[in-house]
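Below you'll find the structure, written out as structure tokens, and then a few comments.
Bear in mind that the values in this text are calculations on the coordinates, not laboratory data. Small disclaimer: the values here were computed from a predicted structure and weren't measured. Note that we place each Cβ from the backbone using ideal geometry, even for glycine, and neighbour counts take in every protein chain shown.
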Amino acid sequence: MSALNALLEPGMLVRHPAQPDWGIGQVQSNVGGRITVNFREQGKVVIDGNRVMLEWVDVSQG
């Protein structure tokens, strides 16, 4: 799993690099490399953290 994916915790906001139309998602859980994210436009998706490097969204940059 990528270094960033390993640091993702519930509540953090992310984007899926290959699915920009899904919008911003909120991490629900991160267990054993399986990251559950609730995306605004796609709903809940379980992502294999070994295959997809999610992009962290910095909300402080407003």
For this session: Let me have the 222 nm mean residue ellipticity of the chain computed from DSSP H runs of 4+ only, each contributing -39500 (n - 2.57), with the sum over all residues rounded to the nearest 500.
Result: -1500 deg cm²/dmol
Exercise. So which chymotrypsin sites (Phe, Trp or Tyr not before Pro) in the chain end up in coil per DSSP with only 10 or fewer other C-beta atoms within 10 Å?
Worked result: none
For this session: Read phi for every residue in segment 12-26 and hand back ³J(HN,Hα) as whole Hz from Karplus 6.51 cos²θ - 1.76 cosθ + 1.60, θ = phi - 60°, with x for Gly and Pro.
Result: 6, 9, 9, 10, 9, x, 8, 9, x, 5, 6, x, 7, x, 10
For this session: Let me know the longest stretch in the chain that avoids all trypsin sites (Lys or Arg not before Pro) found in a DSSP loop with at most 16 other C-beta atoms within 10 Å.
Result: 1-39
For this session: With only Lys, Arg, Asp and Glu charged, each at its Cβ (+1 for the first two, -1 for the last two), find how big the charge dipole of the chain is about the Cα centre; round to the nearest 20 debye.
Result: 160
